[in-house]
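Below is one structure, written out as structure tokens; the observations come after it.
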Amino acid sequence: FVDGEYSYRVSDINIGDEVVATFEGRNLVKLEVESHVDGEITNINTSKDTITVRTFSGDTRTVSFNADSYIMINGSKYTSLSKLNEGDRVLIDPVSGGKKVTVMNSKTGELRFATASTGIQFRNDELGDLYQVVDNYYCHRDNSTNEKDLFELFDDGVIKAGDVLTIYYTDQESVYEIVIE
């Protein structure tokens, strides 16, 4: 598994890549090159310095937080796990031996429009305020894990102007999760 794609070639793994190996007994079942982890924090273990995240795809990942790791919240940098809370939506990137944990912002509002080419705009936003989604965004109905395609739903009239959405984003060009209320 390299960047979310199945690969059976060892040449796709590079020296220095962090990997996660899954075993059943002594049999190697899966080898994943560690890439970013995004989702909701379900547990913070300060005695073991780990963060458990339920990913948008429904997997559970436990990530180590070491001396080279840090947390970014609204542009400020922190080095203590005490700055995180269960329920925070986060994006965790491996960086030079540590982890960069970015706590996402959220915004809830009535949808004005949504298109893949221009993004999402809320009713009370200025006309130029658009939120762009990343290519691998996760969209689902509240309390559901069934992934949806927001732009298809909007184009098909299933979601319409005035419907309420919550977005989780790192900046206006990086929306990672969309929850249809």
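The mean sequence separation of alpha-carbon pairs under 8 Å and at least six residues apart, normalised by the residue count of the chain, gives a relative contact order of 15 percent. What the phi angles of segment 76-86 give under the Karplus curve with 6.51, -1.76 and 1.60, with θ = phi - 60°, is a coupling list of 9, 9, 10, 10, 10, 4, 5, 7, 9, 9, 4 Hz, glycine and proline written as x. Between amide H atoms placed 1.01 Å from N, distances below 5 Å from F113 occur with Q121, all of them 5 or more places distant or on a separate chain.
Backbone geometry of segment 140-157 corresponds, through the Karplus equation with coefficients 6.51, -1.76 and 1.60 at θ = phi - 60°, to 3J(HN,Hα) couplings of 7, 6, 3, 6, 10, 10, 6, 6, 10, 10, 4, 5, 5, 4, 5, 4, 7, x Hz, x marking Gly and Pro. Of K100, K83, K77, the order by accessible heavy-atom surface (1.4 Å probe, DNA, RNA and ligands excluded), from most exposed downward, is K77, K83, K100.
The values are calculated or read from the model by the stated rules, or taken from the named source; none is laboratory data. Since we're looking at a predicted model, the values are computed, not measured. Ligands, DNA and RNA are stripped out before the accessible areas are found, and what is left, the full protein with its side chains, is counted by its heavy atoms. Shrake-Rupley method; radii C 1.70, N 1.55, O 1.52, S 1.80 Å.
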